[in-house]
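Some notes on the structure that comes next.
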Amino acid sequence: MTDSLTVRDNRTGQEYEVPILDGTIRAADIGKIRSGEDEPGLAVYDPGFVNTASCRSSVTFIDGDKGVLEYRGYPIEQLAEQSNFLEVAYLLVHGSLPSKDEYDQWVHNITYHTFVHENVKGFMEGFRYDAHPMGMLMASVGALSTFYPESRNISDADNRAIQIIRMIAKMPTLGAWSFRHAQGKPYVYPDNALSYTENFLSMLFKMSEPKYEADPRLVKALDTLFILHADHEQNASANAVRSVGSTQVDPYSAVAAGVGALYGPLHGGANEAVLRMLKRIGSKSEIPAFIEGVKNGNERLMGFGHRVYKNYDPRAKIIKKACDDVFEVTGVNPLLEIAQELEKIALEDEYFVKRKLYPNVDFYSGLIYEAFQFPPEMFTVLFAIGRTPGWLAQWLELTQDKEQKIARPKQIYTGSRGLTYTPTDQRWV
Ligand SMILES: CC(C)(COP(=O)(O)OP(=O)(O)OC[C@H]1O[C@@H](n2cnc3c(N)ncnc32)[C@H](O)[C@@H]1OP(=O)(O)O)[C@@H](O)C(=O)NCCC(=O)NCCS
């Protein structure tokens, strides 16, 4: 068997041999196919990049049919159970697990870069009282580029490394302050004696107590949620980071684009929709009628189904377990009972089985966030903090990939051509 594709252009009768490498053909090879000398080469039309690889990547592997997710080759289940978020962040960014010295240095560096310039606090205070925290996060991450103008020098490895540390370190500070802003509470400065996730909780919830002490079970659960969200290969926000990053802009601007992509309801907003759905169902007795409505196509069972996973989303299994730990501390959210019953019924129902619809990461995460007393607008901010190392790993890979170019897709032009402009003094008479 030859690893190539023979394409016959029926417009000309000409045949072309297109090499196949790693299960892909190069769009540029297709571009060599022309119906005439002066005609443009054949292009590929793929809105939403449904079947187009945009890069080579060694960061994250997903097998959607088997329900497999691996960061740098390590299964998500092992990382969620045995590692912690900062070690996973190191793994994603550096490509391998740290030695003890490397880990200690990494944690030290991140801990000591959690503070932001006082002027950041000043402009965050200038947002409206009801500003959405994602809008505040997006703006403040982008603004960090003005505090670190040297970050534009993306060809320097040491420079890239320090910006990555800064961004992972400052994201919880910016996220927590956007939360405090909406509540009209004073911003809490980072506490370097606390772990990454404990410090985040302290900046969110500390009031007048001299030291904020979080329940270790809650810290572990939130840390696990960060791990589960840390990367997901070429998803919409990673693609936004890469696309903007391909212009060779600084990493703060590229990550701000990722935050913007995550802000959209099709990407980061599904867990909020799950909560709304569970509240609307209201009680277990209403579930059969709801399921009938879904099967009749009147609505969707939110938190079920995934573009990539056609089997149980491995992250959903881990989150389900984290639910138990969190509810042990906070008391059970009555919506959990409805969620569990819904899942049980849906997993046995032919409609869902036939379409390979299983719970995804968002089915239970909203319940956990609500148990922490986060308002729904904060859910996506939590996602963004967890996703930051993934965005940066993808960005880092992009900056060192010699094959990458500025992202600039083609289009199929459907508009008018060659019209003649009439000046307004003649057109508006
Ligand atoms: C995630 C999602 C957008 C993936 O969509 P997709 O891969 O494009 O799949 P499709 O929309 O083509 O769905 C395939 C079939 O399953 C059905 N389906 C998909 N998700 C469904 C859901 N959550 N509830 C009911 N039916 C669903 C579709 O109606 C379609 O049925 P049909 O073949 O009879 O027309 C989709 O499953 C969804 O909307 N889920 C709910 C929202 C959600 O939880 N999003 C978070 C994702 S992490």
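The values are calculated or read from the model by the stated rules, or taken from the named source; none is laboratory data. For clarity, every value in this text was computed on a predicted model and none was experimentally measured. FYI the Cβ positions are ideal-geometry reconstructions off the backbone, even for glycines, and counts take in every protein chain you see. Each accessible area value is taken on the protein alone, full model and side chains, heavy atoms only, with ligands, DNA and RNA left out. Shrake-Rupley method; radii C 1.70, N 1.55, O 1.52, S 1.80 Å.
For Met302, the solvent-accessible surface computed with a 1.4 Å probe is close to 70 Å², ligands and nucleic acids excluded. Our helix-only sum for the chain, with -39,500 (n - 2.57) per DSSP H run of n ≥ 4 divided by its residues, gives a mean residue ellipticity at 222 nm of -16000 deg cm²/dmol. Sorting 373-380, 399-406 by average packing, meaning the other beta carbons within 10 Å per residue, from highest down gives 373-380, 399-406. Given R0 = 30 Å, the distance between the Cβ atoms of Leu419 and Asp9 translates into a calculated FRET efficiency of 0.35.
Solvent-accessible surface of protein heavy atoms, probed at 1.4 angstrom with all chains present, puts Ile412, Ile154, Ile385 in the order Ile412, Ile154, Ile385, largest first. Rolling a 1.4 Å probe across all protein chains gives Glu350 an accessible area of roughly 130 Å². Cα centroids of the range 217-251 and the range 127-172: 14 Å apart. Figure note: Ser237, Ser283, Ser416 ranked by solvent-accessible area, largest first, 1.4 Å probe, ligands and nucleic acids not counted: Ser416, Ser283, Ser237.
If you take the square roots of the eigenvalues of the alpha-carbon gyration tensor of the range 1-112 and sort them as a ≥ b ≥ c, do you get rounded (a/c under 1.5), prolate (a/b over b/c) or oblate? It is prolate, given that a/c is not under 1.5 and a/b is the larger ratio. Other residues with beta-carbon under 11 Å from the beta-carbon of Val18 carry, at +1 per Lys or Arg and -1 per Asp or Glu, a net charge of -2. Can you give the relative contact order of the chain as a percent, counting alpha carbon pairs under 8 Å and 6+ residues apart? Over the chain, the number comes to 20 percent.
Net charge near Ile110: determine it from the other residues with C-beta under 14 Å of the C-beta of Ile110, scoring Lys and Arg +1 and Asp and Glu -1. Summing Lys/Arg as +1 and Asp/Glu as -1 gives -4. For the range 25-115, the set of GluC sites (Glu not before Pro) satisfying both a DSSP loop assignment and a count of at most 10 other C-beta atoms within 10 Å is given as Glu37. Using protein chains only and a probe of 1.4 angstrom, how many square angstrom of Arg72 are accessible, to the nearest 10? Here the residue's solvent-accessible area equals roughly 50 Å². Axis of helix 236-245 versus longest Cα principal axis of the chain: the two differ by about 70°, to the nearest ten degrees. Going by accessible surface with a 1.4 Å probe and the largest first, Asp349, Asp325, Asp38 read Asp38, Asp325, Asp349. Placing unit charges on each Cβ (+1 for Lys and Arg, -1 for Asp and Glu) gives the chain a dipole about its Cα centre, and among Gly260, Ser4, Gly366 the Cα reaching farthest toward its positive end belongs to Gly260.
In a simple Cβ point-charge model (Lys, Arg +1; Asp, Glu -1; nothing else charged), the range 160-221 has a dipole of about 260 debye relative to its Cα centre. Relative to the longest principal axis of the Cα atoms of the chain, the long axis of helix 251-263 lies at roughly 80 degrees. Sparsely packed loop sites in the range 117-206 (the chymotrypsin sites (Phe, Trp or Tyr not before Pro) outside DSSP H, G, I, E and B with at most 15 other Cβ atoms within 10 Å) comprise Tyr129. Averaging sequence separations of C-alpha pairs under 8 Å and six or more residues apart, then dividing by the length of the range 35-178, give the relative contact order as a whole percent. Value for the range 35-178: 18 percent.
Computed over the chain, the percent of Cα pairs more than 43 Å apart is 21. Per residue, the accessible area of the chain comes to 52 Å² when a 1.4 Å probe rolls over the protein heavy atoms. Ordering Ser99, Ala384, Gly41 by the projection of their Cα atoms onto the charge dipole of the chain, which places +1 on the Cβ of Lys and Arg and -1 on the Cβ of Asp and Glu, puts Gly41 at the extreme positive end.
For the chain, the longest principal axis of the C-alpha atoms and the axis of helix 157-183 are separated by about 60°. Of the trypsin sites (Lys or Arg not before Pro) found in the range 205-234, those in coil by DSSP whose Cβ has at most 16 other Cβ atoms within 10 Å are Lys211.
State the percentage of accessible surface on the chain attributable to carbon and sulfur atoms; use a 1.4 Å probe and exclude ligands, DNA and RNA. Answer for the chain is 51 percent, counting heavy atoms of protein chains only. Positive contributions from Lys and Arg (+1) and negative ones from Asp and Glu (-1), summed over other residues with Cβ under 14 Å from the Cβ of Pro359, come out at +3. Both radii come from the Cα set of the range 303-392: Rg as radius of gyration, Rh as Kirkwood radius; their ratio Rg/Rh reads 1.00.
Its Cα centre serving as origin, the chain has a Cβ charge dipole (Lys and Arg +1, Asp and Glu -1) of approximately 940 debye.
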